[in-house]
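The values are calculated or read from the model by the stated rules, or taken from the named source; none is laboratory data. Small disclaimer: the values here were computed from a predicted structure and weren't measured. A quick note on method: Cβ atoms are made from the backbone with ideal geometry, for glycine too, and the neighbour counts reach across all protein chains shown. We work out accessible area using only protein heavy atoms, side chains counted, and drop any ligands, DNA or RNA first. Shrake-Rupley method; radii C 1.70, N 1.55, O 1.52, S 1.80 Å.
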Amino acid sequence: MSLIFTIFTVLTGCEPLLVLDPKGPQAQVQANDIKTSIIIMSFIVIAVFTILAIMLFKYRASKQNKDYEPPHIEGNVWVETICVGIPIIIVAFLSFMSVKSNYAVEAAPNGYGNKEPLVIYAASSNWKWHFSYPEEKIETVNYVYIPTDRPVEFKLYSYGPITSFWIPQLAGQKYAMADMVNTLHLAADVPGEYMGRNANFSGKGFAENTFNVKAMPQKEFDEWVDEVKDTAKPLTEEKFTELLEPGHLGQSTYTGTHLGFMPPPEGENGGHNHGSNGGDKNMEQHQPNETDSKTEHEHH
Amino acid sequence: MKELFPMKQIMGFVFSLMLTVVALAVYFLNMSFAMGMTILVVTAFIQAAVQLVVFMHAGETKDKGAIYTNVYYGVAIALVTIFGTLLTMIWGYN
Amino acid sequence: MEFFERFAIPHPSAPIYASMVAIALTIVAIIAGLTYFKKWGYLWREWLTTVDHKRIGIMYLISALLMLFRGGVDALMMRAQLAVPDNKLLDAQHYNEVFTTHGVVMIIFMAMPFIMALMNFVVPLQIGARDVAFPRLNALSFWLFFMGAMLFNISFVVGGSPDAGWTSYFPLAGNEFSTSVGSNYYMIAIQIAGLGTLMTGINFITTIFKMRAPGMTLMKMPMFTWSALITNAIIVFAFPVLTVALAMGTMDRLFGTHFFTTNNGGMDMLWANLFWVWGHPEVYILILPAFGIYSEVISTFARRNLYGYKSMVVSMVLISFMSFLVWVHHFFTMGQGALTNSIFSITTMAIAVPTGIKIFNWLFTLYKGKIEITTPMLYALLFIPLFTIGGVTGVMLGMSAADYQYHNTMFLVAHFHMVIIPGVVFAMLAGLTYWWPKMFGFMLNERLGKLAAWVIGISTLVAFMPMFFSGLDGQARRMYTYSASTGFGPLNMISFVGAIGLAVGFAIIVYNVYYSVRYASRDIGADPWNARTLEWATHSPVPEYNFAIVPHVKSAEALWDAKKKRHILFQGDYEKIHMPNNSGVPFIMSSIFFVWGFAMIFSMWAVAIIATIGIFACMAHRSVEIDHGRYISVRKIEETETKLRGAK
Amino acid sequence: MKLDHSLPLEYRTEEGQLKILGFWIFLGAEIMLFGTLFASYFTLVDRVGSGPSGAEIFEITPVLIETLVLLTSSFTIGLGIHAMRLGRKKAMLSFFAITLLLGLAFLGVEIYEFVHYVHIGAGLQTSAFTAILLTTLGTHGLHVTFGLFWGLFILLQVKKRGLTPETANKSFIFSLYWHFLDVVWIFIFSFVYLKGMM
């Protein structure tokens, strides 16, 4: 197993595999889980391969006496207890690890707990990503800038099919859906550019449904925000409706966000558990300046 | 002559009418959600058991093991599906 | 003209037109051939109306192999498209249709009938029964499956194929984002085939519970029969979920309801939930009969009894229940929170324990054996290591936090192919080779068979191992193309080579069938493998009544003990045998179902209503019909037995 | 054909026993079918979109009538099977006929209820809640409708052919089906209506 592993790592061009080259605490938790489980699983694979090899080597018909009659063996309590016991111990250990990691990836990144998180709404439409910064009051399409050393909360939802928001080097994926908002916690330790994409099949333009992530120090980030505010055009409702049209777009930047005129499906606008508001109605409701107060009653 | 009279069936019918009346209490009386659901769960499952044993003769042949296993298994998996679905579709998000 | 426009293909291309012509020519050729050789009567009497479990099994087998070819071509097209970056062989729409049909065809119309084929042929023989409990229902099951499969397969020449993936997630598969009739085909065709499967489930549970030979208690059943019993129990409780989900999806698409839409309270997540409540048990429906086959094959060719029979049974019962407790691991990333994910993460990994028991039991069955490597055994021995790789990666996927990184990637694709191909496909090929002499009275060539097994085994590794790595490198599944800068190119090229290898392997099997039909010896006796269970105690090929005298059984390895301990299987004299009559109703009723399905897909309500009435008319006919079957006389049995013994 | 005279008529042939067990297993599948419908119902019950909620449209009177009618029909078919086992063909036929009439009455009230729902703006296409409500009730209603035709066919067969192992077997299986529909209704009554009106 590890031999095959090396061969393939060489084949992929010596670059470490994205998922195993984490640049943030959440992806780090996941990469650790993956590496640990690969090691444990390699032992099982090696054990099975070894037993199989020994059996085939020793008990081939060609190695046996012609009159040899294999015995009747019902089973052995001790052997079977071991064969149940060891897997149970392994599964128990992995379960423990899994549960711990679950709570880690579903909370603010480890070590960043005391810092104020940056909230970014990430909405997908066929086949684009719209990033809204409610506090900074700016919006981008198909790219997102984040500060390093600060927790980021992505609020995910979709104008269309289920999509999955994924930045392999920063955090695992989570679904973006039409009638509810999901929260993905992450943080970037190192400045750099990262690949992000929709991982869940969403139709014709799925393959190109990607976005760029750039992590930079807080100071640079603030400069970028100021620059956008100075130079970018405002995002009007007509413009946003135009952006939602199915198709691919390049990257673009706007001042203001769509959250005012098209509130995300959360809180009282959510379809989830709050049946009285359908998605269609959401799109017609005009509720400006509510985004800040709304972050309080979200689903976690 | 004794078996001519369908005692078992009549008892079953009266019992199921009584259970229906008890269940109706949740409509006519004011009570908490938990209390109401408890009453409904209890009465519904007893009613189902009455039908199964009294009217459907589930236990009368040597296949009763298979029949009861089948019913219990079906009910168990149906409950797993219902509560699992509620857990993943609703409760998990609160 | 407007009426006919809806049947047009929304995205036509040269290969599709070529397929249309090929399909038309094949149909003409079949009709002409049957007429010229005057075989219509033979076809009707011996096959279309048959209720014999052995013939139904063979018809399932032929359908499964045809569908394997169809799904295999889809797979080759996909791997060819992805072999190099920025390939233009298929466009996005075609690629989407191809992977959707590949998934549906392989799971529902290839693996399922393959299992049904072997269960139908083998189970009644293994328990010493004359037929299944409800022979006519069995025929109906087959024809419903067959018509469902045909309905699904005409989608690519009439109206367009489904393109929302085999999981067909809403709202992508709903009216809002999928305007062709493709997803209607998905909903209706699988519904029809699923009804057939559900009936099979009921039929086989009853058969196994009530029709075992005298002396065969539950704990003396051969392992394949045990696996069939458990599988059918899962079918009975899992398929109704699919029925409901598909019905709700159909209503959304045809009647404008809001179950899974994005407005008026619709909930897209519920489809995913219901789909996988069925979908995960479905995985075990596929894998358990495969485990049964491996148990038979390994114990036969290790020349030893199966190690840990009881723990094998217990682990299967556990798996059958646990398979209903893990479905959420298919969408850990949906946002249901750490607690829910933790619960299902633990149940998912726990199911690896009973599966592990089975692997170790097979390994210990080899212990102190006298291992003979025949083609079926070679598949079993290749299965153990390859399936272990697939299985342990499954445990890795069960760790929900890590799953956030595996989900929707090629890692997942690699995992389930490494489970399904060694687990199910190898088992089917092993079972096919193993029971082939019982079905057709001659053996497949061993040299060609082993060559094919090696080619398929190695190609599986070559095709799917690279995907683990491209997945961890960020390649999402279902992408029709990728740019060179991603660096996925070399890995996908290796996969393509593996896919070609698999195609070569299957071609060798086809050639092997041809070669063996022509040259193999017909003088093989009833028990060419020196096997252990009851099906080998009757003649090859099997007479219509299976056993002239009902066998009396004392152990799980009835034939072996008859050979070694001189147990007497067949006591007493011939008696007249009661057999069911053939019936055309299953075929006719299923054909009406086909018309009904087609009418529903294209919203032709008048036709659909007439077809519905037709279906109920068939049921009414069945209700009032008097049919007590027929008897085979003692003289006829004697004649048949003498003839078959003479052939030895 | 083997006849075992120690058993009730419907179990006397081997084929009859197979059919009864097979039908029980079919009922296992039906439990799961309705279980799935209930799972979907509970998931979608609060998702009323712009339409009404259950509390707004449910009325106790028709529901009570339906419940009593169906419970009574379950009782009468039980009496029918009791009569059949005593070999009283006439009594059995009357009880079966009463059962079917009660079934028809149930269906009549249910159709009235459906028409009423559509009339007050709770149609199939209104919201996820109305869709799953009408689907769950409708699935049960279709089962009852199917049962009426099936029961009628069996009634006619018993009348024409008398009580034979076959007809007794068919009647017994039909009674299982009918009781099962009653059980399903009890759950609909409790967890759709009463819970909705609580």
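Descriptive notes on the structure:
- Test result for D:F106, under 16 Å from the mean Cα position of the chain (by Cα), surrounded by fewer than 21 Cβ atoms within 10 Å (Cβ to Cβ) and under 20 Å from D:E66 (Cα atoms): no
- Qualifying residue in segment A:254-270 (condition: part of a strand (DSSP E or B), more than 14 Å from every other protein chain (Cβ to nearest Cβ) and crowded, with 21+ Cβ neighbours inside 10 Å): yes
- Residue count for segment A:165-190, restricted to those that are part of a loop (DSSP other than H, G, I, E, B), touching a helix residue (DSSP H, G or I) at 6+ places or on another chain (Cβ under 8 Å) and more than 9 Å from chain C (Cβ to nearest Cβ): 3
- Enumeration of residues in segment A:191-203 that are of a type in the set (A, V, I, L, M) and either part of a strand (DSSP E or B) or open to solvent by 10 Å² or more (accessible area, probe 1.4 Å) (or both): A:M195
- Filtered residues of segment D:53-75 (kept if farther than 30 Å from B:I10 by Cβ and either open to solvent by 20 Å² or more (accessible area, probe 1.4 Å) or within 12 Å of chain B (Cβ to nearest Cβ) (or both)): D:S53, D:A55, D:E56, D:F58, D:E59
- In this entry, C:L448 is excluded by the filter for residues that are open to solvent by less than 20 Å² (accessible area, probe 1.4 Å) and either at pLDDT below 95 or in a helix (DSSP H, G or I) (or both).
- Scoring A:I73 on the criteria (1) of a type in the set (V, I, T); (2) surrounded by fewer than 16 Cβ atoms within 10 Å (Cβ to Cβ); (3) not in a helix (DSSP H, G or I) leaves a single failure, condition (2).
- Residue in segment C:569-583 that is nearest to C:E46 (Cα to Cα), counting only those that are open to solvent by less than 20 Å² (accessible area, probe 1.4 Å) and not β-branched (V, I, T): C:S583
- Count of segment A:22-63 residues, restricted to those that are open to solvent by 40 Å² or more (accessible area, probe 1.4 Å) and either of a type in the set (S, T, N, Q) or outside the structural domain of A:F96 (by TED's automatic domain parsing) (or both), is 5.
One line per residue, one yes/no per condition, for (1) in contact with a Lys or Arg (Cβ under 8 Å, 6 or more places away or on another chain); (2) of a type in the set (S, T, Y):
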| site | (1), (2) |
| --- | --- |
| C:L378 | yes, no |
| C:L386 | no, no |
| C:Y434 | no, yes |
| C:A463 | yes, no |
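- Helices (runs of 4 or more DSSP H) contained in segment C:301-372 and holding at least 3 residues within 22 Å of A:A61 (Cβ to Cβ), in contact (Cβ under 8 Å) with a residue 40 or more places away in the chain and open to solvent by less than 10 Å² (accessible area, probe 1.4 Å): C:352-366
- Within segment C:73-84, the presence of at least one residue that is in a loop (DSSP other than H, G, I, E, B) and either touching a Ser or Thr at 6+ places or on another chain (Cβ under 6 Å) or open to solvent by less than 20 Å² (accessible area, probe 1.4 Å) (or both) is confirmed.
- From the options C:F209, C:F204, C:F239, C:F224, residue that is at the interface with another protein chain (Cβ under 9 Å from one of its Cβ atoms), within 30 Å of C:W560 (Cα to Cα), assigned to a helix (DSSP H, G or I) and of a type in the set (F, W, Y): C:F209
- Scan of segment C:452-468 for residues that are surrounded by 18 or more Cβ atoms within 10 Å (Cβ to Cβ) and more than 14 Å from every other protein chain (Cβ to nearest Cβ), ordered by number: C:A452, C:A453, C:V455, C:I456, C:S459
- Condition check for C:I56: aliphatic (A, V, I, L, M), surrounded by 12 or more Cβ atoms within 10 Å (Cβ to Cβ) and either in contact with a Ser or Thr (Cβ under 8 Å, 6 or more places away or on another chain) or not in a helix (DSSP H, G or I) (or both): yes
- Residue satisfying all of: in segment B:46-67; out of contact with any helix residue (DSSP H, G or I) (no Cβ under 9 Å at 6 or more places or on another chain) and part of a helix (DSSP H, G or I); nearest to D:V184 (Cα to Cα) among these: B:A49
- Residues (over 9 Å from the mean Cα position of the chain (by Cα) and surrounded by 14 or more Cβ atoms within 10 Å (Cβ to Cβ)) located in segment B:36-45: B:G36, B:M37, B:I39, B:L40
Let's see how each residue does on (1) at the interface with chain D (Cβ under 9 Å from one of its Cβ atoms); (2) modelled with pLDDT of 90 or more; (3) open to solvent by 90 Å² or more (accessible area, probe 1.4 Å); (4) more than 21 Å from D:L86 (Cβ to Cβ):
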site: B:K2; (1), (2), (3), (4): no, no, yes, no
site: B:P6; (1), (2), (3), (4): yes, no, no, no
site: B:M18; (1), (2), (3), (4): no, yes, yes, yes
site: B:M31; (1), (2), (3), (4): yes, no, no, yes
site: B:Q47; (1), (2), (3), (4): yes, yes, no, yes
site: B:T61; (1), (2), (3), (4): yes, no, no, no
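- Candidates in segment B:20-29 are the residues that are in a helix (DSSP H, G or I) and open to solvent by 30 Å² or more (accessible area, probe 1.4 Å); of these, the one that is farthest from D:W24 (Cα to Cα) is B:F28.
Listed here are the residues, each with its yes/no results for (1) touching a Cys at 6+ places or on another chain (Cβ under 8 Å); (2) of a type outside the set (A, V, I, L, M); (3) open to solvent by 40 Å² or more (accessible area, probe 1.4 Å); (4) not in a helix (DSSP H, G or I).
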{"site": "C:A611", "(1), (2), (3), (4)": "no, no, no, no"}
{"site": "C:M619", "(1), (2), (3), (4)": "no, no, yes, no"}
{"site": "C:H628", "(1), (2), (3), (4)": "no, yes, yes, yes"}
{"site": "C:T642", "(1), (2), (3), (4)": "no, yes, yes, no"}
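- Selection within segment C:245-276 - open to solvent by less than 10 Å² (accessible area, probe 1.4 Å) and either β-branched (V, I, T) or touching a Cys at 6+ places or on another chain (Cβ under 8 Å) (or both): C:T257
- Only residues that are under 19 Å from C:L76 (Cβ atoms) and more than 8 Å from chain A (Cβ to nearest Cβ) were counted in segment C:476-488, giving 1.
- Scanning segment C:380-408 for residues that are at the interface with another protein chain (Cβ under 7 Å from one of its Cβ atoms) and over 25 Å from the mean Cα position of the chain (by Cα), we see that the one that is surrounded by the fewest Cβ atoms within 10 Å (Cβ to Cβ) is C:M396.
- When A:K137 is tested against (1) open to solvent by 40 Å² or more (accessible area, probe 1.4 Å); (2) more than 20 Å from the chain's Cα centre (by Cα); (3) facing chain C (nearest Cβ under 8 Å), exactly one condition is not met: (3).
- Count of segment D:25-62 residues, restricted to those that are closer than 26 Å to B:G65 by Cβ and not in a helix (DSSP H, G or I), is 0.
- The set of residues in segment C:160-191 being touching a residue at least 12 places away in the same chain (Cβ under 8 Å), crowded, with 24+ Cβ neighbours inside 10 Å and at the interface with chain A (Cβ under 10 Å from one of its Cβ atoms) consists of C:D163, C:A164, C:F170, C:P171, C:A173, C:G174.
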